[in-house]
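Participant: Got a structure here, written out as structure tokens. Questions coming.
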Amino acid sequence: MNGIIKIGVLSLLIATCLSVGAQEEEERYRRSSLYSILINHSEQKFADEIRNSFVQIPVTDKYNDHELAPKVFRVGAKLKNASSDEENSQITDFLERNKIASRLVAKWFNRDHTTGICDMELVKERGLYDATEFDRQMAERSARGKAMLEDAGEELIGHTFVLVNDIRYIDKAQRSAIWGSVLAGLGGVAGASLRNANLGRSVSNLSQSVGNMVETIKGFKVKINTFLYQLVWDDETAAVFYEKQYTDVADDTKRDAFEQARGSYRLKYVGKVESKGSTTSFMGVNLDKPEVMVRKACQRAIDENIVDLQTEFEDFRTSTPILTSEPITASIGMKEGVSAKSKFEVLERVENEDGTHSYKRVGVVAPVENKIWDNRYMAVEEGAKGALLGKTTFKKVSGSTPVAGMLIREI
Amino acid sequence: MIRIKHFIFSRVGLLLILLGINGSLCHARQTYVETNGKKVGVLDEDGNEVIPFAYDNIEPWGNLYRVEKKEKFGLYDEAGNEVLPVKYTQISNLNCYGRAVVCEKGKMATTKTGRRYLNKGKFGILNEKGEILVPCEYEDLYEFIYSGANFKFSKEGMCVSGGGIYFDDTLQTECKYVAFGGSKHEKGIRQYYGVIDVDKGQVAVPANKFVFTFLPSNGFARYYSQTPDNWSFGYWDLDNQTGFEAATGKGDPFTYTYWTHGDFCGDVAPVNGTDGWKFYNRAGEVIRSGYKSIRHGSAVRMWMTLDQDSTMTVFDEDAKDIPVFSGYMNIIFPGKQWETPLFPVKNKDRRWGVINLQGDVVVPFEYQDMSLADLPFIGVKKNGKWGLITPQREELVPCAYATVRYPVELQPKHVWCMKPDSLWFSVDTKTYKEYGDGFESVETFRDGMAWAKPNGLDVKPDWFSNTLTGRKIDDKSGFKRFVWGIIVNETCEPLFPEPVNWYYRDYAKESVRKKGRALRPGEAHAVLMKKVSPNLNYFLNTTLNENEWDY
């Protein structure tokens with residue numbers, strides 16, 4: 001225990017003294033960083049609606065927002081081999097051609113492309129470093145400072161991901177048009193099935209006013225292939241960057257060095273998942289705003305894909321802090337794939353003598369059935385069970401009793 | 001069997017639930033609908049039935065519930081008492097003033113653009129208690145929401161456009177008065193409509209009596225009426241149901257370039273006749289006349305008139321003279337009510353000073369001209385140059401400038417001042433030191449920063465500047481599209497050094513606030529790209545230009 005500060009225990013003291021502390025603690029843990037891209041099929045119906053929905057979807061709070069400004073890229077035809085689990089050459093080529101990896105690195109250091117000036121503000125903020133101590137160690141170029149940089153590189157910069165979402169609308173127009181007609185014709189019955197008879201009448205009205213939009217939108221379904229890439233940030237890359245390209249004052253040489261080296265930064269292909277293509281419930285969607293259905297379908301499918309990617313790729317998994325220890329709760333739910341069968345390891349974060357962080361597994365917890373928060377997009381509007389819980393309650397499976405501030409990660 | 005859960009909470013904790021006909025599932029704070037169930041009711045938190053399960057839909061409606069059954073609507077209170085029986089074709093949502101439309105008969109229909117309206121129904125008005133203020137007797141109702149666009153006469157007050165009630169939205173006004181009837185339209189304005197006093201629930205101005213009637217004010221409705229030869233301009237007394245003509249005119253009133261008559265303010269109304277301005281009282285009598293110009297100070301509720309000899313008279317809205325202003329040649333009414341009303345006045349020596357309501361001289365008569373801001377600052381002119389003082393005669397800016405921009409914050413540290421070369425400089429209000437190299441146009445300082453266009457800043461049209469002009473700006477505001485500047489602090493140091501279009505200036509300022517310091521050029525570029533990128537089209541098979549990326 002010498003030289004190790006038990007962050008979790010400290011957090012417990014804070015959390016039990018002041019309930020607000022738990023909420024604040026929730027914000028203070030290291031997350032992976034994410035840049036999401038949409039491949040937008042302009043040859044398909046609803047291309048604009050999908051695009052407009054996508055740009056409104058925020059980065060989930062389990063990741064840092066590492067978005068670059070351009071997020072939507074159009075194609076006029078289906079991607080070749082989109083269903084294959086293999087690396088997609090069109091996507092990889094796009095990422096390399098546009099030197100996305102270098103831009104993600106530049107964003108980490110808030111690099112000014114006109115002067116080359118960088119700073120460590122984002123690294124300090126996301127790495128939860130003591131800003132004053134961090135600055136001092138960097139200025140002294142100490143061993144401790146070097147360790148901090150390595151720690152930040154490994155756990156923060158090296159955990160920067162690019163999600164490429166190839167969203168295709170599944171055109172079931174004929175089927176849904178029939179469905180829409182049935183709804184309109186049998187207004188009372190159909191309406192009752194979703195909320196009330198009012199719905200059937202509204203469908204009829206809207207069909208007249210906005211053509212087939214509502215009819216089609218009710219059967220709206222998307223298939224999403226999500227490709228995951230990870231920024232390569234190894235010792236060699238970091239050394240070159242810090243020595244040859246990083247500058248905190250205007251420096252033309254270092255600025256140009258980075259520009260010339262942009263192509264040397266790399267993303268590695270991690271893997272790919274495909275959404276199940278299941279129909280999303282229309283519940284909670286106001287018929288006056290059928291475009292909300294597009295966002296609901298897209299966002300839920302993307303969230304599901306992120307969960308699947310986490311399941312398959314350990315590096316991409318997120319951690320969530322425990323809010324309270326009695327009962328054990330965490331701000332995580334069905335959006336993150338929590339189910340009655342889930343199990344989570346409990347991690348205690350420790351700060352080592354050299355300023356780096358590490359994690360120690362201290363136990364295992366599982367969700368309590370019927371106390372799983374449904375935090376999926378629009379769960380509240382559709383009246384889903386568990387939508388108002390605000391957090392998921394867990395029970396201890398093994399190990400020591402978790403305390404507030406410790407992290408849980410699905411296993 | 002599909003089971004759908006649904007919750008809606010009212011403000012007082014009553015739980016609106018949708019329940020299947022088997023009615024077996026009723027959990028606190030959760031509701032269940034089943035496909036073979038159709039009825040809706042309201043339970044309290046203990047599960048007791050408050051509104052019976054007899055309705056197709058129930059929604060919170062202010063403090064009440066709006067219930068629907070077989071396309072008829074009614075209202076219940078939270079205790080389950082019927083407020084309005086379920087017999088109305090439609091009850092609109094409440095607006096923020098507690099007013100809604102209630103209808104009988106007719107059939108709901110939809111326009112081609114998707115707006116929902118009632119066809120061949122009878123309209124009335126409800127308050128938030130569910131009380132019918134205007135009975136459902138009118139084939140249509142209209143709100144006074146049309147300013148008449150560019151027509152001079154209609155700028156004199158709100159009138160009625162052709163559009164009726166749509167149920168996609170609430171009513172838009174407090175509906176003290178609504179219009180009904182009428183038929184003809186001209187240039188977007190409905191004609192020959194009548195007016196209902198909503199609180200009294202009765203007709204205040206009969207339909208088909210006047211061509212145009214304006215939103216009533218102070219007990220009178222101003223009207224335009226047409227005779228075979230003339231137009232008649234007058235006032236209709238809402239209480240006594242009588243009117244009087246105040247002036248006449250010839251030709252199409254849509255082409256008039258002058259005001260004909262104004263609403264009653266207090267007990268008097270101004271009328272512009274062939275013999276100049278005059279004032280009528282509520283009895284329709286001319287009580288003052290012969291003025292070549294008039295001015296109204298709404299914040300101080302006063303009138304100023306100049307007669308043909310340029311003698312000034314000031315009187316209140318009860319037409320009582322205010323003697324402290326007699327003997328002066330001109331007066332400026334404050335646009336907003338200051339804590340202590342002060343009045344710049346011009347004396348017979350043609351010098352301006354400031355007096356209070358007691359006639360005491362607050363600022364001596366030593367200025368060529370004066371002007372007033374909304375905040376307590378007084379623009380003063382001496383030797384042909386403008387400066388700025390406080391009512392306490394504290395000099396903020398010396399009289400040395402072509403013009404001065406009024407501060408919008410109390411205790412301003414810097415004020416924009418323009419020199420004769422038409423360039424703006426930031427002047428320190430303590431030291432009078434000037435900052436900046438001169439700006440062509442400036443925005444008033446707020447929170448220590450302002451958008452300002454440096455002299456000679458020339459943003460050439462290219463991809464980036466075109467992007468930043470904002471694609472969604474409509475033509476009416478298009479003049480701003482090509483106005484570029486930077487964000488500076490009060491000493492004119494750049495805080496957001498990249499040229500930013502006027503349209504995005506607040507966004508740029510917000511980015512500076514978030515950062516807590518001046519942005520570097522590259523940071524500013526990144527901020528702007530983040531804002532505009534969602535509006536742009538990129539293609540997967542292309543390589544973007546460097547300036548299309550933020551990093």
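Bear in mind that the values in this text are calculations on the coordinates, not laboratory data. What you see is a predicted model, and the numbers here were worked out from it, not measured in a lab. When we count neighbours, we look across all protein chains shown, and the Cβ atoms used for this are built from the backbone with ideal geometry, even at glycine.
Participant: Taking all pairs of distinct Cα atoms, average 1/r, flip it, and tell me the Kirkwood hydrodynamic radius of region A:358-401 in Å to one decimal place.
Facilitator: Result for region A:358-401 stands at 11.9 Å.
Participant: Hey, another quick one. Sequence-distant or interchain residues sharing an amide H contact under 5 Å with B:Tyr55, placed H: which?
Facilitator: B:Val40
Participant: When the Kirkwood radius is taken over all Cα pairs of region B:347-458, what Stokes-Einstein diffusion coefficient follows at 4 °C and 1.567 mPa s, in µm²/s? Mind dumping the intermediate values first?
Facilitator: Numbers: Rh = 14.7 Å.
Approximately 88 µm²/s, per Stokes-Einstein.
Participant: Let me ask something additional. How big is the C-alpha Rg of chain B next to the rule-of-thumb value 2.2 N^0.38 Å, as a ratio? Walk me through the numbers before you get to the answer.
Facilitator: Values: Rg = 30.9 Å, N = 551, 2.2 N^0.38 = 24.2 Å.
Output field value: 1.28.
Participant: Now for a separate question. So what J values fall out for region B:81-91 if you push phi through Karplus, 6.51 cos²θ - 1.76 cosθ + 1.60 with θ = phi - 60°, rounded to Hz, Gly and Pro as x?
Facilitator: Going residue by residue, I get 7, 6, 9, 10, x, 7, 9, 9, 5, 7, 10 Hz, with x marking Gly and Pro.
Participant: Between their Cα atoms, which of A:Lys45/B:Lys509; A:Lys244/B:Lys531; A:Lys78/B:Lys112; A:Lys78/A:Lys99; A:Lys62/A:Lys268; A:Lys272/B:Lys515 are more than 28 Å away from each other?
Facilitator: A:Lys45/B:Lys509; A:Lys244/B:Lys531; A:Lys78/B:Lys112; A:Lys272/B:Lys515
Participant: Which whole-Hz ³J(HN,Hα) couplings does region B:502-507 yield from phi under the Karplus relation 6.51 cos²θ - 1.76 cosθ + 1.60, θ = phi - 60°, glycine and proline marked x?
Facilitator: 3, 4, 9, 5, 5, 5
Participant: Please give me, ordered by residue number, the chymotrypsin sites (Phe, Trp or Tyr not before Pro) of region B:228-320 that lie in loop per DSSP and have at most 13 other Cβ atoms within 10 Å.
Facilitator: B:Tyr258
Participant: Same structure, new question: Checking the cross-link filter: which lysines have an alpha carbon closer than 23 Å to that of B:Lys433, excluding same-chain neighbours under 8 positions apart?
Facilitator: B:Lys381, B:Lys382, B:Lys385, B:Lys413, B:Lys419, B:Lys453
Participant: Explain nothing, just compute: Karplus ³J(HN,Hα) = 6.51 cos²θ - 1.76 cosθ + 1.60, θ = phi - 60°, for every residue of region A:151-156 in order, whole Hz, x for Gly and Pro.
Facilitator: 4, 5, x, 5, 8, 9
Participant: Quick one: which residues, 5 or more positions from A:Thr114 or on another chain, have an amide H under 5 Å from its amide H? H modelled 1.01 Å from N in the peptide plane, none for Pro or chain starts.
Facilitator: Under 5 Å from the amide H of A:Thr114 lie the amide H atoms of B:Gly522, each far enough along the sequence or on another chain.
Participant: May I ask you to list the aspartates and glutamates whose Cα is less than 13 Å away from that of A:Lys296, ignoring any residue fewer than eight positions away on the same chain?
Facilitator: A:Glu49, A:Glu304, A:Glu381, A:Glu382
Participant: While we're on this one: I'd like the mean, over residues of B:529-540, of how many other protein chain beta carbons sit within 10 Å of each residue's own Cβ.
Facilitator: 6
Participant: Give me, ordered by chain and number, the residues 5 or more places off B:Ala402 or on other chains with an amide H under 5 Å from its own placed amide H.
Facilitator: Placed amide hydrogens put B:Trp386, B:Met418, B:Lys419 under 5 Å from B:Ala402.
Participant: Turning to a different aspect of this structure: Could you let me know the centre-to-centre spacing of region B:371-448 and region B:218-286, using Cα atoms, in angstrom?
Facilitator: With region B:371-448 and region B:218-286 each reduced to a Cα centre, they are spaced 43 Å.
Participant: Okay, next question. Kindly state, as a whole number, the per residue volume in cubic angstrom of the convex hull around the alpha carbon atoms of region A:57-146.
Facilitator: Convex hull volume per residue, Cα atoms: 176 Å³.
Participant: Take every residue in peptide A:109-117, count the Cβ atoms of other chains within 10 Å of its Cβ, and give the average of those counts.
Facilitator: Shielding by partners across A:109-117 averages 5.
Participant: Where a ≥ b ≥ c are the square roots of the eigenvalues of the C-alpha gyration tensor, would you call region B:415-458 rounded, which needs a/c under 1.5, or, failing that, prolate if a/b is larger than b/c, or oblate? Spell out each step's value before the answer.
Facilitator: Values: a/c = 2.19, a/b = 1.26, b/c = 1.73.
Oblate, because a/c is 1.5 or more while a/b does not exceed b/c.
Participant: Continuing with the same structure: Helix-only mean residue ellipticity at 222 nm, chain B, DSSP H runs n ≥ 4 weighted -39,500 (n - 2.57), per residue, nearest 500. What is it?
Facilitator: After summing the helix terms and dividing by residue count, I get -1500 deg cm²/dmol.
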